[in-house]
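Structure first, commentary second.
The values are calculated or read from the model by the stated rules, or taken from the named source; none is laboratory data. On a predicted model such as this, the values are computed, not experimentally measured, just so you know. We place every Cβ from the backbone using ideal geometry, glycine too, and count neighbours over all the protein chains shown. All accessible areas refer to the heavy atoms of the entire protein, side chains included, with ligands and DNA or RNA removed. Shrake-Rupley method; radii C 1.70, N 1.55, O 1.52, S 1.80 Å.
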Amino acid sequence: QVQLAESGGGLVQPGGSLRLSCAASGITFSYYVMGWYRQAPGKQRELVAVITSGGRTNYVDSVKGRFTISRDNAEKLVYLQMNSLKAEDTAVYYCNAQFRGMSYWGRGALVTVSL
């Protein structure tokens, strides 16, 4: 059974930092492209950052220079380090794993950026 479990969400003030973690089980983690998506209230889910099995990364323009995605294949973990957070980063953040047409999602972690 495939499971992706996000952790690390919470409330943070503007300008602050958070690190999200996603623990994967039930998959050969190193094969998978791992991504972080987010969905803000009333908006569609959007891709935030992605990291390939080889470690190449890509980011949506709005988070470039502020967010960093990384992975630990031995521990089956993917991280999203979020710095200089803004109110518009408030959303539910979802972990995603993709490989050869297969796609799995976590349940999401809420990140709220507010005073």
**Report entry** Residue match in the range 62-69 (condition: farther than 30 Å from SER114 by Cα and small (Gly, Ala, Ser))
**Finding:** no
**Report entry** Selection status of ALA109, open to solvent by less than 70 Å² (accessible area, probe 1.4 Å), within 25 Å of PRO14 (Cα to Cα) and among the aliphatic types (A, V, I, L, M)
**Finding:** yes
Query raised in the report: Based on what the data block shows, is ALA5 touching a residue at least 40 places away in the same chain (Cβ under 8 Å), open to solvent by 30 Å² or more (accessible area, probe 1.4 Å) and not in a loop (DSSP other than H, G, I, E, B)?
Result: yes
Report task. Count, please, the residues in the range 15-30 that happen to be over 12 Å from the mean Cα position of the chain (by Cα), surrounded by fewer than 20 Cβ atoms within 10 Å (Cβ to Cβ) and either assigned to a strand (DSSP E or B) or among the charged types (D, E, K, R) (or both). Result -> 1
**Report entry** From VAL12, VAL33, residue being open to solvent by 40 Å² or more (accessible area, probe 1.4 Å), of a type in the set (A, V, I, L, M), out of contact with any Cys (no Cβ under 6 Å at 6 or more places or on another chain) and touching a residue at least 12 places away in the same chain (Cβ under 8 Å)
**Finding:** VAL33
Query raised in the report: Can you name every residue in the range 58-67 that is farther than 13 Å from MET34 by Cα and either touching an Asp or Glu at 6+ places or on another chain (Cβ under 6 Å) or surrounded by 15 or more Cβ atoms within 10 Å (Cβ to Cβ) (or both)?
Result: VAL60, VAL63, ARG66, PHE67
Requested in this report: State all residues of the range 73-103 that are of a type in the set (D, E, K, R) and either more than 27 Å from GLY26 (Cα to Cα) or open to solvent by less than 50 Å² (accessible area, probe 1.4 Å) (or both); if no residue qualifies, say none.
Outcome: LYS86, GLU88, ASP89
